[in-house]
1. Taking the condition open to solvent by less than 70 Å² (accessible area, probe 1.4 Å), modelled with pLDDT of 95 or more and either on the phi < 0 side of the Ramachandran plot or more than 19 Å from the chain's Cα centre (by Cα) (or both), does L122 pass?
2. So which of L165, L132 is under 15 Å from A236 (Cα atoms) and in a strand (DSSP E or B)?
3. Regarding the stretch 338-348, can at least one residue be identified that is closer than 23 Å to W371 by Cβ and out of contact with any Gly (no Cβ under 9 Å at 6 or more places or on another chain)?
4. With the structure loaded, tell me whether K209 is touching a Lys or Arg at 6+ places or on another chain (Cβ under 7 Å) and modelled with pLDDT under 95 or whether it fails that test.
5. Any idea how many residues of the stretch 189-202 are open to solvent by 30 Å² or more (accessible area, probe 1.4 Å), closer than 24 Å to N230 by Cα and assigned to a loop (DSSP other than H, G, I, E, B)?
6. If the requirement is being surrounded by fewer than 23 Cβ atoms within 10 Å (Cβ to Cβ), modelled with pLDDT under 95 and touching a Ser or Thr at 6+ places or on another chain (Cβ under 7 Å), which of these qualifies: R339, R305, R324?
7. Among the candidates T218, T158, single out the residue that is modelled with pLDDT of 90 or more, farther than 24 Å from P109 by Cβ and not small (G, A, S).
8. If W167 satisfies all but one of (1) open to solvent by 70 Å² or more (accessible area, probe 1.4 Å); (2) aromatic (F, W, Y); (3) touching a Leu at 6+ places or on another chain (Cβ under 8 Å), what's the number of the condition it fails?
Amino acid sequence: MDREDVPPQGSKVELLASTGDITLQDESPSPSQSSTSLNERDDGLRGYFETAQWTADGTTILAYSSSNLISGYIVPEDLLSPTASRPLKLTPQATIQLPEPSNVLAGAPYFRLAEPWTQQLLVSSRDHPIQLFYLGSSPSSPPKPASCYPLTKARSETFLSATSLVWPYPGTHFIAGSRNMLAKFDVSRTGEEPLLRVKTIPSERHLSKGGGVGMRGTVSSLSAQPPDANFASLVAAGTWTRWVGLYDFAQAGGSCAATWSIAQAATEEASIGGDGVTQTIWSPCGRYLLIGERKATGILVYDVRVTGKLLGWLAGREALGNQRISCDVFPSQDGGEDRGFEVWSGTTDGTVKIWEGVGTREGAHDPAWSWAVAQRSTVGSTCVHQSGTVVATCSGSWEFPDDESDDEDDDRNDEVSSQSSSSSSSSDDSDSDMSRTEALWMRRRNKESSLKIWSISNNGEDTEP
């Protein structure tokens, strides 16, 4: 076990299983994977884990890596066995090597390990329809989708990429987000356009682009409120332009309940920064909406019963880069809605932080405790199992070499060049900047990347996931 994998003395967590650092593993890819870890697009660099999520039945973890690989990890049967050797080795039981990057990954809300027909997932690549794959299907290169759902412009045949997607229970429909639009699809109608299109602004063709009505921009995040007895719920949509909207798809036309900008609240009230919504997630009770942004140091908390009014913020959640960092919520272990709920989130410095009693106070809310998951690597996803006894984390990111000395040499050369030549074209400057950017990109390196499962102490009671 690596030193950084050992939790501190008296910790509430224990490492149960891990893939190990996949950037250091030198296993040759199997014929079914063809290019599991290495990808030509990555110039020989091994992919790192970007996202992870539990399936609906809690038996499997779906992971997506930067090499466009989807992997299914079935939880070991002896995960919580006291006689098991720690940590157990996690290996994927099923993989799908996508030919192109996917903007989204959503598992079926009716996923059951014992029923292969339920093991479905949705992905969306640029210039392609939304595609449905079976996780346990026979391998092929390239993989063949079981169903396709085209999303095209109304006046052309150009495909619109789904930049976000939510597949709520019971799973008969899913909702995709694109630029200035939401679309509702029927899963059973393969090859057909969406049943419903909801514009987030009145018109894209008008010079005012909505005239201040609605929210303009690419929908970067979608989440569904916990459903009521009739499976009806609001859908929260966030955009890269820092707007949030609530939409009711139970209505015939998919009505908009509310829209508001979070820029002022994040910048002036909370002072946590931000540069575009990366996640919207509902509390277990459905009363509160959490909004996470890139380049931010916290998470905003809104009470949806008072539209647009900030309740508070979770301080200390460092998401300092452009990489998505997804958090998870869980009911308070003390019981009762008046005790609030828990929020679990990774950070860019390799730690996972937990906020307790969220929703019970206003203003800044500091984390209750934390632990180190990865060394100098971003924890992209933190997923609490539905039993509340284990939590899955995935870490991984790129780093760029420190070339301050190279920059100093370049500055000196630029000064000499400017003295010898008083004029240069803007195109030359642009080419020079592009070459420097490409050179820096080619020199990037992988940080530690692994998928881990941790146990959570809960008054000594363990429940088999």
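1. Numbers: open to solvent by less than 70 Å² (accessible area, probe 1.4 Å): yes; modelled with pLDDT of 95 or more: yes; either on the phi < 0 side of the Ramachandran plot or more than 19 Å from the chain's Cα centre (by Cα) (or both): yes.
Spelling it out, L122 is indeed open to solvent by less than 70 Å² (accessible area, probe 1.4 Å), modelled with pLDDT of 95 or more and either on the phi < 0 side of the Ramachandran plot or more than 19 Å from the chain's Cα centre (by Cα) (or both).
2. Numbers: L132 fails: under 15 Å from A236 (Cα atoms).
Selected residue: L165, the only one of L165, L132 that is under 15 Å from A236 (Cα atoms) and in a strand (DSSP E or B).
3. Of the stretch 338-348, the ones closer than 23 Å to W371 by Cβ are 339-348.
Filter again for out of contact with any Gly (no Cβ under 9 Å at 6 or more places or on another chain), leaving 343-344.
Yes: the stretch 338-348 contains one or more residues that are closer than 23 Å to W371 by Cβ and out of contact with any Gly (no Cβ under 9 Å at 6 or more places or on another chain).
4. Working: touching a Lys or Arg at 6+ places or on another chain (Cβ under 7 Å): yes; modelled with pLDDT under 95: yes.
Yes.
5. Going through the stretch 189-202, the residues open to solvent by 30 Å² or more (accessible area, probe 1.4 Å) turn out to be 189-193, 195-197, 199, 202.
Keeping just the survivors that are closer than 24 Å to N230 by Cα gives 189, 195-197.
Applying the additional criterion that residues be assigned to a loop (DSSP other than H, G, I, E, B) yields 189, 195.
So the answer is 2.
6. On the way: R305 fails: touching a Ser or Thr at 6+ places or on another chain (Cβ under 7 Å); R324 fails: modelled with pLDDT under 95.
When all the criteria are applied, what remains is R339.
7. Values: T158 fails: modelled with pLDDT of 90 or more.
Checking each option against the conditions leaves just T218.
8. Status for W167: all satisfied but (1).
The values are calculated or read from the model by the stated rules, or taken from the named source; none is laboratory data. Bear in mind the structure is a predicted one, so any value in this text is a computation, not a measurement. For neighbour counting, all protein chains shown are included, and Cβ atoms are generated from backbone atoms with ideal geometry for every residue, glycine included. Each accessible area value is taken on the protein alone, full model and side chains, heavy atoms only, with ligands, DNA and RNA left out. Shrake-Rupley method; radii C 1.70, N 1.55, O 1.52, S 1.80 Å.
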